[in-house]
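Below you'll find the structure, written out as structure tokens, and then a few comments.
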Amino acid sequence: MNSFIRNSVLGIAGLAFAGGVAAGPLTDTPTPVDAAPVAAVQADKPAVDTGKLIPHGVQGAQSRIDLSDEQVANTKAIIAATKKAGMDERAAVVSIATALQESKLENLGHLGDRNDHDSQGLFQQRPSSGWGTVEQITDPEYSTTAFLKGLKQVDGWQDMPLTKAAQTVQVSAYPDHYAQWEQLAADLVAKHWNS
């Protein structure tokens, strides 16, 4: 009896497999999967032109992190400051990618021995370098506006790869690290620009 049940189960499994093969794809070519994340868009809000967000394509491997409520609030503050400055979605992408690299979108105060000189805030700006007072550069709107003011002074920033535009403003010891955040920054702008 055991072998009868076993043979029946195997027979049914074989039919299920054969049926699945016959109903499956008729070609040997695998279906490509688009790995690019898709941003959610609210039905009552106009969609962001995603072609403007990453006009040059991303450079290198991309990093992603899950955001806390604080990080999302800082993302929205950067977007609001970008709009207030009269700049477009691409400027917001550059700003958010920069803040992701500098602070992971956390409004950091002085970190003591772990701090790079006197760098603080979302963009790790330094009071000693003329970015503003500690109170100013730890205010998300002020620090974003200061970053955007620097970005506006970079001739042709719109036509540069993100990491070059960010580096020209930030003068980081790691100039290529901004590139890894471009896709996440674009996704965040697409999601929050019209929210």
Treating only the Cβ atoms of Lys and Arg (+1) and Asp and Glu (-1) as charged, compute the dipole magnitude of segment 46-188 about its Cα centre; round to the nearest 20 debye.
-> 300
Where labels lie 7 Å past Cα in the beta-carbon direction, separation of residue 70 and residue 56 in nm | 3.2
Place the peptides 91-98, 123-130, 138-145, 67-74 in order of packing, highest mean first, counting for every residue the other Cβ atoms within 10 Å and averaging per peptide.
-> 91-98, 138-145, 123-130, 67-74
Local electrostatic count, residue 93, Cβ distance below 11 Å [Lys/Arg +1, Asp/Glu -1] = -2
Expected field for residue 106, accessible surface area in Å² at 1.4 Å probe radius, rounded to 10, holds 70
Can you tell me how much longer the chain between residue 153 and residue 128 gets when fully stretched, taken as 0.36 nm per residue apart minus their C-alpha distance, in nm with one decimal?
-> 7.0 nm
Go through 152/191; 83/152; 83/164; 84/164 and tell me which ones have a Cα-Cα distance over 18 Å in this structure.
-> 152/191; 83/164; 84/164
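The values are calculated or read from the model by the stated rules, or taken from the named source; none is laboratory data. Predicted model only: the values in this text are computed from it and were never measured. Every residue, glycine among them, receives a Cβ derived from its backbone with ideal geometry; neighbour counts consider all protein chains shown. Protein only, heavy atoms only, side chains kept; ligands, DNA and RNA dropped before computing areas. Shrake-Rupley method; radii C 1.70, N 1.55, O 1.52, S 1.80 Å.
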